[in-house]
Structures are given as C-alpha cells and as structure tokens.
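**Q** Mind looking over this structure? Questions follow.
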Amino acid sequence: MFTRIFIGILLIGSLLGLIYADEHFTGAVVEWLPNQHIPAGGVLFAASALIILPLLALELSRLLRAINTAAPKFAWTLSVALCAFVAGSTWQFQWNFVALVAGATLLLALAPAVLAATQKKWHAALTSFGYWVLISIWIGWLPACWIEVRSNIPAWALAWAVLTVKSGDIGAYFTGVALGKNRMAAWVSPKKSWEGLAGGIILSCVVGAVLTNALGQSILVGVAFGALAAFIGMLGDLSESILKREAQAKDSGRILPGMGGIFDVMDSLLPTAPLALWLLAKSSTPIL
C-alpha cells in the first residue's frame, strides 16, 4: 500500500508538472512550428507522442501477442497509434498538413487487411482490420481527445477533469474495501463491487460539480460528468481486465511498482476522453 501511495503521489506530481509546463509555454514563439508559437496542449501533445503512447503501445502489443502470437508487434502498434493520435490532435492546432500526412499513413496501415480481403482470406482480413480499429481508437484517438480538451479549457481545469475521473477509481476502491459485498463481475475482477461503483460515482459527482462551478458552467453538468465518468471509467477498467485475463497477466506492465503499467493507470481516463470533450470543452471558449 505504501508503494502504491508513493507512486501515486509521483504520478500526480508528474501530471501537474506537465500541465504547468503546457500552460507556461503556451504562446511562446517557436519559428519552426506551423503557427510559429506553441499552442495550448502543445507540450502535452509532445509528451504523449514521445513518452506515453510508446509505453501504451508496448503494453498493449504485449497483451495482444500473449493472447494471439499473430497479433501486431510493437512497431506496427506504435505506428498506427501515433498516426491516429497525430491526425486527431494536430487539426485543432491548425497543423493541417501534418494531420493530412498522419491520416494518409494511417489509412495505408489498412493494406494488410485489404490485401487479405482481395485474396478472400476473410478471417485474416477481419482480424487485421479489428486490430487496426482497436489500436487506432483505444490508444490513438482517445488520447487525442484529451489534447483537444486542453486546447479548449484552462490547464487547471484539465487537471481537475482528470481528478474527477480518477475520483471514481479512488471512491470505488475505498468504498469497496469498506462496504463492498455484492460483486459486480467476479469472473473478470473479483474485487469490484456495486457498492464501490456507487461510492465512486458519488465522489466523482462532487469533484465534477466543483469543476464546472469554477468554469462558470451549470453544476448539473459537473454532476452529470462525474457520474458518467465514474461509470465509463469502470467500463474501461473492466475492458482492460478482460484483456489481461485473456493474456493471463496480472498487470499491463511493471514500470510503476505497486500499480503495474501505464495502461493500468490510464484505463479509466482513455474511454472518458470523449465525454470530457462533449461536456467540458465544447461548451467552453477556445483558448490560445
């Protein structure tokens, strides 16, 4: 438990540092960039592309190949994820050429599926297409949604939105430990309970209401965001648990002692990204 708490504090500090750097350098003049300045979300975009996505791709590739040795290797997984991420992230920076190149390259990655289909190898074609969709959406497009959220709301609000999502995990964990009796999906995750989910939803609603009140939005929006984030985050956690169970792995990786891998930390953040984009960013005024 001590190791888990210590690593959690380090992760929070790292996230706050990244968000602070993003806010601090936003607007700084960089002549080689398309708009000659660093846009809001630019630092987070670089950190994600250089650090977070490679780690996610490595862990996802390992899990998939533990289930099926014919699954995509790391290089292909990372290439597809990066192309989807860049295509989804750069258009709001008005880096249209970069987004176009990334999108075209992403479509080229469909070549194996198309080739298998032309040879009437339908199982191979569908399998290849399925991996392409899974990778490009799960660890490509969904992280890009968080970059777009940042480009539309202040840095502090992004940090609070992440806290709202993770509050669902925190509330579910401690409520489950204290009150959990009715198991939710014991065949996937024996420790998850309906009481834990209720506790996670309540805590997320409170944190989300504080966020939207500070943003000048309706508190009801924050409550809705908190409740949905806790529920969708739980589904993301269960989805990764199914993958790990099939791969016979306890954690997605070992990079974070006491917690596992990057995927284990981000399993609830990834699927809640479109929700944050819909409820928080789309109703806010874009920032520079």
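**Q** Exactly which trypsin sites (Lys or Arg not before Pro) in segment 160-217 are in a DSSP loop and have at most 12 other Cβ atoms within 10 Å?
**A** Working: sites: 166, 181, 183, 191, 192; in loops: 181.
Qualifying residues, ordered by number: 181.
**Q** Still on this structure: Over segment 147-288, how many percent of alpha carbon pairs lie in each 10 Å bin up to the one with the longest distance?
**A** Calculated over all Cα pairs of segment 147-288, the distribution is 13, 40, 32, 14, 2 percent.
**Q** For labels at residue 115 and residue 51 in the simple 7 Å Cα→Cβ model, what's the distance in nm?
**A** 3.7
**Q** Could you give the distance between the Cα centres of segment 107-157 and segment 199-219, to the whole Å?
**A** 32
**Q** So if R0 is 25 Å, what FRET efficiency would residue 73 and residue 97 give, r being the distance between their Cβ atoms, rounded to the nearest 0.05?
**A** Numbers: r = 29 Å, r/R0 = 1.16.
The value I calculate is 0.30.
**Q** Can you work out ³J(HN,Hα) from phi for every residue in segment 23-36, in order, using Karplus 6.51 cos²θ - 1.76 cosθ + 1.60 and θ = phi - 60°, giving whole Hz and x for Gly and Pro?
**A** The phi angles translate into 5, 5, 8, 4, x, 5, 7, 9, 5, 7, 6, x, 9, 6 Hz.
**Q** Which of the residue pairs 73/192; 73/191; 166/244; 121/250 have a Cα-Cα distance greater than 28 Å in the structure shown?
**A** Working: 73/192 32 Å; 73/191 32 Å; 166/244 20 Å; 121/250 34 Å.
Over 28 Å apart, Cα to Cα: 73/192; 73/191; 121/250.
**Q** Spin-label point model (7 Å from Cα, Cβ direction): what's the residue 66 to residue 137 distance in nm?
**A** For residue 66 paired with residue 137, the spin-label model returns 2.4 nm.
**Q** How much length is gained on full extension from residue 5 to residue 219, taking 0.36 nm per residue of separation minus their Cα-Cα distance?
**A** On the way: separation 214, 0.36 × 214 = 77.04 nm, distance 3.05 nm.
Full-extension gain reported as 74.0 nm.
**Q** Report the extension gain between residue 105 and residue 178 in nm, rounded to one decimal, defined as 0.36 nm multiplied by the number of residues separating them, less their alpha carbon distance.
**A** Numbers: separation 73, 0.36 × 73 = 26.28 nm, distance 4.97 nm.
Extending this stretch completely gives an extra 21.3 nm.
**Q** Okay, moving on. If a/c stays under 1.5 just call it rounded; otherwise compare a/b with b/c (prolate if a/b is bigger, oblate if not). Do that for segment 1-159, with a ≥ b ≥ c from the square roots of the Cα gyration tensor eigenvalues.
**A** Values: a/c = 3.10, a/b = 1.44, b/c = 2.16.
It is oblate, given that a/c is not under 1.5 and a/b is not larger than b/c.
**Q** Same structure, new question: Can you list residues from other chains, or at least 5 along the same chain, whose modelled amide H is less than 5 Å from the amide H of residue 184?
**A** Result for residue 184 returns 192, 193, 194.
Values quoted throughout were computed directly from the atomic coordinates according to the rules given, and no laboratory measurement underlies them. This one's a predicted model, so the numbers in the text were calculated from it and none came from an experiment. Note that we place each Cβ from the backbone using ideal geometry, even for glycine, and neighbour counts take in every protein chain shown.
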